[in-house]
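*Asks:* I have a structure here, written as structure tokens, and I will follow up with some questions on it.
The values are calculated or read from the model by the stated rules, or taken from the named source; none is laboratory data. Since we're looking at a predicted model, the values are computed, not measured. So basically every Cβ, Gly included, is an ideal-geometry build from the backbone, and we count neighbours across all protein chains shown.
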Amino acid sequence: MPEKKIRVLIAKPGLDGHDRGAKVIARALRDDGMEVIYTGLRQTPQMIAEAALQEDVDVVGLSILSGAHNVLVPQVIQKLREVGKGDVFIFVGGIIPQADIPGLLQAGVKKVYGPGTDTREVCQDIRAAIAERQQA
Amino acid sequence: MNAQEVKNLIRGDRLTLSRILSQVESQSEAGRQALEALFPFTGRAHKIGITGAPGAGKSSLVNALTRQLRRQPDAPKVAIIAVDPTSPFSGGALLGDRVRMPDLQRDPGVFIRSMATRGALGGLAAATEAFSQVFDAAGYDIILIETVGAGQAEVEVVNLAHTTIVVDTPGTGDDIQAIKAGILEIADILVINKADRPGADQSVRYLQAMLEMGYARSGTAGHHASETVNSVAAEKPAEPWLPPVLKTIAIESQGIEDLLGAIQAHRKFLLESGTWQVKERQALQKAIQRAIAQNLMDFWEAKITPELFEATLQSVVERKLSPESAAQYLLQTIQGL
Ligand code: B12
Ligand SMILES: Nc1nc2c(ncn2[C@@H]2O[C@H](COP(=O)(O)OP(=O)(O)OP(=O)(O)O)[C@@H](O)[C@H]2O)c(=O)[nH]1
Ligand SMILES: [Mg+2]
């Protein structure tokens, strides 16, 4: 039986045109053997939750460089719960001040990444999170 | 899959639908059971394939077409299966078709599912047909299947779709020939997208000429009309279908009404000529054949031990046996067991 592929949604919520980081991450995850669904720019939390539902992803990765993370991330998490996808792992990257990270983790984010992130670290973290759940 | 899940799916529960698609895709036992339970509810949907060169605008066209469909008075429910290639190196895939479908993400009557080919050739994934069955059972009236960017060989979609749309872009002079015979032949509808670019009218004329030549030669419209002779068709001999050639600008939603008109005309043609039933039959026949092949493969593979296989392989490597006689030998050996 073929192994279950890890499916990841990479989304850019809000009015944020910085898409290089999202694309770098998307490509790195693909090169690590994952199936990556990229949604493009300017997604509302509702759209992201819907896409996560339809694509049945294991992970939602949000890339935010606009400074609106404290508003957007909890909204995405709320919408994911509403559609029944509250169990996905959420990873966030972009320009996130240190001081905001504890709040995001508290809200349900698994991990937060900043500029210069080594993409191998992201791949490892995703695989580790999923392996951990499978064991549980 | 239990009766409750079947009920949930048919009632329109999207979470159930999405999970079943994953089970089917991973070829799990649960997925197999789901297909079993759902099969009686299939056979209603109009399956439409959209194929053509990489970047021709297939996804943009799906976006525009679906919006148009959803504006119809009876607003059919639309499922979209968007197939992209799996990287042969990593086994991963970047599924980017959704980026071109921003207008559909908020519509509860639309369900978009991206899938990777996972090594399958022919422009679709192994589970694409199974996905279409799940969507069909879940009450989606129209299923749009976007293939990977296709060249000449990726024509698997005709075996699945009732209506196949081939998308090309304007070319000038010699590169109009970009559309190759193989893919031209499978078209029920031809679309020259990006008609905002120069050369669209020449491309349309060129394709029309190509089609009419083929039409005159065989007396039918390609392979499609050739097998319409059955009891339904016999009563009223059908006019063969001549694929229309249309111009669109997908990103501006231009030409989409005509495209929808052509799709509806083709559906009417299929039903009235009896071709619809012929296609259904052929598709089911292929499905049985595929299942037989798969079952036989599984059966033999389970019986041939790795040791036996390795030893035989070694003989082939040493040129003592040919691959063909090695296969004969293996099959005979396990038959004797
Ligand atoms: C390039 C750039 C632009 C380009 C963007 C081009 C593009 N298509 O992406 C342009 C010129 C268009 C631009 C415009 C603007 N920019 Co600008 N831009 C930058 C700059 C210099 C680099 C960003 C970048 O591409 N980095 C390279 C990528 C690979 O890195 P990354 O995005 O950080 O991603 C890495 C990690 O963060 C992480 N990661 C990121 N996303 C994700 C997601 C997941 C799931 C994971 C796991 C990891 C992860 O992994 C990646 C790989 O290591 C930054 C400054 C900086 N040094 O970051 C400013 C910066 C982001 N921009 C900024 C601003 C203010 C703007 C403008 C508003 C300027 C203006 N007034 O017009 C506009 C807004 C444009 C818009 N529509 O949103 C500010 C943001 C301030 C803030 N958030 O508080 C920054 C920080 C500059 C600054 N110091 O003020 N910008
Ligand atoms: N000028 C113009 N550009 C278009 C048109 N339709 C699509 N495009 C652009 O063409 C590019 C490719 O469009 P897609 O819809 O992604 O094409 P595709 O055939 O689905 O591509 P693949 O799935 O990668 O094979 C995008 O940049 C679109 O914006 C059109 O009618 N005119
Ligand atoms: Mg596409």
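*Asks:* Of the conditions (1) over 16 Å from A:Ala22 (Cα atoms); (2) among the hydrophobic types (A, V, I, L, M, F, W, C); (3) within 16 Å of ligand 3 (Cβ to nearest atom), A:Val71 clears all except one; give me its number.
*Replies:* In the conditions (1) over 16 Å from A:Ala22 (Cα atoms); (2) among the hydrophobic types (A, V, I, L, M, F, W, C); (3) within 16 Å of ligand 3 (Cβ to nearest atom), A:Val71 misses (3) alone.
*Asks:* Considering only region B:119-157, how many residues are touching a strand residue (DSSP E or B) at 6+ places or on another chain (Cβ under 8 Å) and assigned to a loop (DSSP other than H, G, I, E, B)?
*Replies:* Let us first name the residues in region B:119-157 that are touching a strand residue (DSSP E or B) at 6+ places or on another chain (Cβ under 8 Å), namely B:123-125, B:127-128, B:131-132, B:135-136, B:138, B:140-150, B:154-155, B:157.
Narrowing further to those that are assigned to a loop (DSSP other than H, G, I, E, B): B:123-125, B:127, B:138, B:140-141, B:147-150, B:154-155.
Summing the residues that are touching a strand residue (DSSP E or B) at 6+ places or on another chain (Cβ under 8 Å) and assigned to a loop (DSSP other than H, G, I, E, B) in region B:119-157 gives 13.
*Asks:* Are there strands (runs of 3 or more DSSP E) fully within region A:15-134 with at least 3 residues that are more than 10 Å from every other protein chain (Cβ to nearest Cβ)? List them.
*Replies:* Numbers: elements: A:35-38, A:59-64, A:89-94, A:111-113.
So the answer is A:59-64, A:89-94, A:111-113.
*Asks:* Determine which member of the set B:Arg11, B:Arg44 is closer than 17 Å to B:Ala161 by Cα and surrounded by fewer than 17 Cβ atoms within 10 Å (Cβ to Cβ).
*Replies:* B:Arg44
*Asks:* Is there a residue in region B:163-173 that is at pLDDT below 85 and either surrounded by fewer than 18 Cβ atoms within 10 Å (Cβ to Cβ) or of a type in the set (Lys, Arg) (or both)?
*Replies:* Step one: filter region B:163-173 for residues at pLDDT below 85, giving B:171-173.
This time we only want the ones that are either surrounded by fewer than 18 Cβ atoms within 10 Å (Cβ to Cβ) or of a type in the set (Lys, Arg) (or both), so: B:172-173.
The answer is yes, given that some residue of region B:163-173 is at pLDDT below 85 and either surrounded by fewer than 18 Cβ atoms within 10 Å (Cβ to Cβ) or of a type in the set (Lys, Arg) (or both).
*Asks:* Let me ask you something else. Give the number of residues within region B:70-99 that are more than 12 Å from chain A (Cβ to nearest Cβ) and in a helix (DSSP H, G or I).
*Replies:* Within region B:70-99, residues that are more than 12 Å from chain A (Cβ to nearest Cβ) and in a helix (DSSP H, G or I) number 1.
*Asks:* Mind checking which pairs have a first residue in region B:257-272 that is closer than 19 Å to B:Arg67 by Cα and a second that is part of a helix (DSSP H, G or I), Cβ under 6 Å, 6 or more apart or different chains?
*Replies:* Once the first residue is closer than 19 Å to B:Arg67 by Cα and sits in region B:257-272, its partners that are part of a helix (DSSP H, G or I) give B:Leu260/B:Gln68.
*Asks:* OK, next. If I filter region B:100-113 down to residues being among the charged types (D, E, K, R) and within 7 Å of another protein chain (Cβ to nearest Cβ), which single residue comes out as farthest from ligand 3 (Cβ to nearest atom)? Outline the logic, then answer.
*Replies:* Step one: list which residues in region B:100-113 are among the charged types (D, E, K, R), which gives B:100, B:103, B:106-107, B:113.
If we keep only those that are within 7 Å of another protein chain (Cβ to nearest Cβ) too, we end up with B:106, B:113.
Details: B:Arg106: 20, B:Arg113: 14 Å.
My answer is B:Arg106.
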